[in-house]
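Structure, as structure tokens:
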Amino acid sequence: MGFRKDFIWGAATASYQIEGAAGEDGKGASIWDHFSHVPGNVFEGHTGDVACDHYHRVSEDVALMKRLGIKNYRFSLSWPRLIPEGTGKVNGAGIDFYNRLIDELLESGIRPFVTLFHWDYPSALQARGAWESPDSPKWFEDYAALCARRFGDRVKDFITFNEPQCFIGLGYCKGEHAPGVRLPASSTIPMSHHVLTAHGLTVRALRELAPGCRVGYAPCGDPRIPATDSPEDIEAARRAYFATPEGEAEWAFSVAWWSDPALLGRYPEDGLARFGQFLPKGWEKDLAVIHQPLDFYAQNIYSGRVVRAADNARGYEPVPRPVGFPKTAIQWPVTPQALYWGPRFLYERYKTPFIITENGMSCHDAVSLDGRVHDPNRQDYMHRYLLALRRAAEDGVDVRGYFAWSLMDNFEWANGYNDRFGLVYVDYATQARTVKDSALWYKMVMEQNGENL
Ligand code: BGC
């Protein structure tokens, strides 16, 4: 059986992580431009000012993708590059840049998957209250409408938000990402409602302004993996996965809080019981807007956590990691079964075609004496995870695609350039790109639709 014949194989990036040209050609500042320039926020003071200089290397990078056999490319648009102040005046040079990228992709036979928001929020709107403002959904809708009008004639696949868990949870609850503030749930819960409302308004706007396009959503959350195949452990994992975590910051990493309203038209009961008091007045009537039919539901999945049934009030407990468990350079555990149980539980609950929009491994890559980059760990990681995903497909999950994170090494947020997730190695001093062994292996996997796994 294996993967569907029309399985979407691809690679992904995000604007702030690769583009550079942070202050060029009329681009406005994003919260990441500010945050990365504050000493102590990012590993060794790294910033995305230049990043992979992709802004100036579009042709080279598209040619590279073509060589690597990449047929689908997920990238994000920088809102402040398109609308420097977040609302109002449009930056023509920003439109030209993305037009060039989209056209070159299409000429090379590569299908663009456009994420509208991957964290580089306009600083001008941050100053106006950001997601806490009741106007914020409308600001986003207007930006999305611009993207639909300008790019929707050629882009047929859109993703509204990338990982609201992280940009709200890490950005506004924990203060580890831009804008680096720590606000109580009484402020961040209204933000979540506004993000979800922006999502719904955007799905509607895209359908109206770019007829025939497909729209998805890409949140995240570590899947829970049952300790055994017993029905009790499976049920324990399911419950743990969709429970809303308690705590001022932890709630933000919930899967259900961010997906149930969009996919099922309601907030999860346990979350509502604890945090419903903070939702903006009249939130119930927004649910109809938030709950829009989606063409695909996506998730970024890197690792999972093992749980088992337990005789306690919650009915489950975490299983401690074994001593010496395998982990990546960024210290995330290697748990391939996350790509089986995650998609399975998500499809069971949301019954919507499913795509992995990110999965990949941070390794200690280096250019070897022979001039090549040998990354057997990354290849092994992807191989194991793809086998798990294939098993999910064979067990009836409607899995439509897989995007490797990332096309190339890039600015890994608060970790700066310390972590390398790319299929292509980037020498930041020269901007030379070197294809890693894993990219050549992935090319074969894509060509053979995963049959060689
Ligand atoms: C994000 C990416 C990030 C990757 C690895 C995801 O959380 O969407 O931007 O680089 O994971 O951390």
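The values are calculated or read from the model by the stated rules, or taken from the named source; none is laboratory data. Just so it is clear, the structure is predicted and the values come from calculations on it, not from any experiment. Virtual Cβ from ideal backbone geometry, glycine too; neighbours counted across all protein chains shown. The area values use the complete protein model at the heavy-atom level, side chains included, leaving out ligands, DNA and RNA. Shrake-Rupley method; radii C 1.70, N 1.55, O 1.52, S 1.80 Å.
Just one of (1) of a type outside the set (D, E, K, R); (2) assigned to a helix (DSSP H, G or I); (3) more than 16 Å from the ligand (Cβ to nearest atom) fails for GLY247. It is (2).
If I filter the range 292-305 for residues that are open to solvent by 40 Å² or more (accessible area, probe 1.4 Å), assigned to a strand (DSSP E or B) and in contact (Cβ under 8 Å) with a residue 24 or more places away in the chain, do I get at least one hit? Yes. Against the numbered list (1) away from the ligand (no atom under 16 Å from the Cβ); (2) small (Gly, Ala, Ser); (3) in a loop (DSSP other than H, G, I, E, B); (4) touching a residue at least 12 places away in the same chain (Cβ under 8 Å), ALA51 comes up short only at (1).
Any residue that is in contact with a strand residue (DSSP E or B) (Cβ under 7 Å, 6 or more places away or on another chain), modelled with pLDDT of 95 or more, within 19 Å of GLY69 (Cβ to Cβ) and assigned to a loop (DSSP other than H, G, I, E, B) - is there at least one of those in the range 391-404? Scanning the range 391-404 turns up no residue that is in contact with a strand residue (DSSP E or B) (Cβ under 7 Å, 6 or more places away or on another chain), modelled with pLDDT of 95 or more, within 19 Å of GLY69 (Cβ to Cβ) and assigned to a loop (DSSP other than H, G, I, E, B). Considered as a group, the residues in the range 324-359 that are in a loop (DSSP other than H, G, I, E, B) and among the small types (Gly, Ala, Ser) include one that is nearest to LEU407 (Cα to Cα), and that residue is ALA329.
Taken together, the residues in the range 136-191 that are open to solvent by 40 Å² or more (accessible area, probe 1.4 Å), more than 17 Å from VAL90 (Cα to Cα) and not basic (Lys, Arg) amount to 6. Of everything in the range 26-56, what is touching a Lys or Arg at 6+ places or on another chain (Cβ under 9 Å) and surrounded by fewer than 20 Cβ atoms within 10 Å (Cβ to Cβ)? Give them in sequence order. Of everything in the range 26-56, just one residue is touching a Lys or Arg at 6+ places or on another chain (Cβ under 9 Å) and surrounded by fewer than 20 Cβ atoms within 10 Å (Cβ to Cβ), namely GLY26. Among residues of the range 1-16 that are more than 15 Å from the ligand (Cβ to nearest atom), those with a Cβ under 6 angstrom from a residue that is in a strand (DSSP E or B) and charged (D, E, K, R), sequence gap 6+ or separate chain, pair up as ILE8/ARG400. Considering ASP286, ASP260, the condition of being open to solvent by 10 Å² or more (accessible area, probe 1.4 Å), in a helix (DSSP H, G or I) and acidic (Asp, Glu) is satisfied by ASP286 alone.
So that you can scan it fast, the table gives a plain yes or no per residue for (1) over 26 Å from HIS118 (Cβ atoms); (2) away from the ligand (no atom under 13 Å from the Cβ):
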{"site": "SER368", "(1), (2)": "yes, yes"}
{"site": "ARG372", "(1), (2)": "yes, yes"}
{"site": "ALA392", "(1), (2)": "no, yes"}
{"site": "PHE411", "(1), (2)": "no, no"}
{"site": "PHE421", "(1), (2)": "no, no"}
{"site": "TYR425", "(1), (2)": "no, yes"}
{"site": "LYS436", "(1), (2)": "no, yes"}
{"site": "TYR442", "(1), (2)": "no, yes"}
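I'm trying to understand the selection: among the residues of the range 349-364, which are within 16 Å of the ligand (Cβ to nearest atom) and surrounded by fewer than 22 Cβ atoms within 10 Å (Cβ to Cβ)? Within the range 349-364, just HIS364 meets the criteria.
Yes or no, residue by residue, for (1) of a type in the set (Phe, Trp, Tyr); (2) in contact (Cβ under 8 Å) with a residue 60 or more places away in the chain; (3) farther than 22 Å from HIS37 by Cβ; (4) within 14 Å of the ligand (Cβ to nearest atom):
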position: LEU105; (1), (2), (3), (4): no, no, yes, no
position: ILE110; (1), (2), (3), (4): no, no, yes, no
position: TRP119; (1), (2), (3), (4): yes, yes, no, yes
position: GLU132; (1), (2), (3), (4): no, yes, yes, no
position: LYS138; (1), (2), (3), (4): no, yes, yes, no
position: GLU141; (1), (2), (3), (4): no, yes, yes, no
position: GLY171; (1), (2), (3), (4): no, yes, no, yes
position: ALA178; (1), (2), (3), (4): no, yes, no, yes
